[in-house]
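The structure appears right after this line, and notes come after that.
The values are calculated or read from the model by the stated rules, or taken from the named source; none is laboratory data. Please read all numbers here as calculations on a predicted model, not as lab measurements. Here the Cβ positions follow ideal geometry from the backbone for every residue, glycine too, while neighbour counts run over all protein chains shown. These accessible areas exclude ligands, DNA and RNA; they are computed on the full protein's heavy atoms, side chains included. Shrake-Rupley method; radii C 1.70, N 1.55, O 1.52, S 1.80 Å.
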Amino acid sequence: MATPAQWLEGARLRTWSASITPVLVGSGAAAAVDAFVWWKAALALVVSVALQVGSNYANDYSDGIRGTDDHRVGPQRLVGSGAAKPAAVKAAAFACFALAAVCGLVLALTTAWWLILIGAAAVAAAWFYTGGARPYGYNALGEISVFIFFGLVAVIGTTFVQADTVTWPAVAGALGIGAQTCALLVANNLRDIPTDRVSGKRTLAVVMGDRMTRTLYVALQAVAYVMVLLLAITTTPWTLLALLAVPLALRPVATILRGTTGRALIPVLKDTGVAELVYAVLLTVGLVLT
């Protein structure tokens, strides 16, 4: 039986920036038009984090039963390491999805009914990333899904449920956060290229190869800061505060460009997540000060 510490590790705290940052920026964009609603922001945060943790457990379960994690380079998984039974991890994933669904339903019923459809699509995307007969994460589509659901949908959706409209800062923020969250997944998949090839997991990194994957990581980081500059020009110079996160982003970029491989890439995930979180906090502050 897995310990609480092992369950917490299975939830992959290093990746939680992907679910926290879009809600921060989306709420900042709502505040920029004097439409911030604290309880809706709180519910959006629960939805986002629950989907993130549920997705992590779902990936743990699906990769574990397929044997993808048998020779894992990164931190041990619950199923792959034998720490927890597959059924227990699957149940944990669906419990998280259920929590996200309940909170999302409240937001939809108080905003617009069609948000239920988007929520259902987000849950399906979280499960079928590595679950089902033909997981799209095994066919180089993971980054696209992450960009859509933890970038565009999460940021713009957070703004919409509060402001009942879509604004340019929300769109620009969504592009920046989506790019950084994709960079997090790219770094993860770069590390796993050798083992993914052996197990038949055809990620975008496996398709592109080592060199192009590193280039993609750097490009995604650059996109995030280009969005800051565009917001500063078109909205408010206060968004330039987010540039203070550049030094934090340069650390993982340097590691990637050095050609680091294997377990030595694990710190890149933490550094990327920290840089994204600081970026989001500073961008949110800038939007609030608009």
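Tabulated values for the structure
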quantity: Hey, VAL166 β-branched (Val, Ile, Thr) and at pLDDT 95 or above or not; calculated: yes
quantity: Hey, ALA280 touching a residue at least 40 places away in the same chain (Cβ under 8 Å), crowded, with 22+ Cβ neighbours inside 10 Å and either in a helix (DSSP H, G or I) or of a type in the set (Phe, Trp, Tyr) (or both) or not; calculated: yes
quantity: Options LEU248, LEU229; residue that is hydrophobic (A, V, I, L, M, F, W, C), farther than 30 Å from GLY119 by Cα, at pLDDT 95 or above and within 19 Å of the chain's Cα centre (by Cα); calculated: LEU248
quantity: Failed condition for ALA31, given (1) touching a Gly at 6+ places or on another chain (Cβ under 8 Å); (2) surrounded by fewer than 24 Cβ atoms within 10 Å (Cβ to Cβ); calculated: (1)
quantity: Count of region 15-48 residues which are outside any helix (DSSP H, G or I), of a type outside the set (Phe, Trp, Tyr) and either farther than 14 Å from THR111 by Cβ or touching a Pro at 6+ places or on another chain (Cβ under 7 Å) (or both); calculated: 2
quantity: Test: residue in region 154-166 that is open to solvent by less than 20 Å² (accessible area, probe 1.4 Å) and hydroxyl-bearing (Ser, Thr, Tyr); calculated: yes
quantity: Verdict on GLY64 being assigned to a helix (DSSP H, G or I) and under 22 Å from THR181 (Cα atoms); calculated: no
quantity: Where THR158 falls short, out of the listed (1) more than 16 Å from the chain's Cα centre (by Cα); (2) modelled with pLDDT of 95 or more; calculated: (1)
quantity: Residue in region 124-136 that is more than 17 Å from ALA18 (Cβ to Cβ), of a type in the set (Ser, Thr, Tyr) and either modelled with pLDDT of 95 or more or exposed (fewer than 13 other Cβ atoms within 10 Å of the Cβ) (or both) present; calculated: no
quantity: Residue match in region 101-111 (condition: outside any helix (DSSP H, G or I), among the β-branched types (Val, Ile, Thr) and farther than 20 Å from ASP192 by Cα); calculated: yes
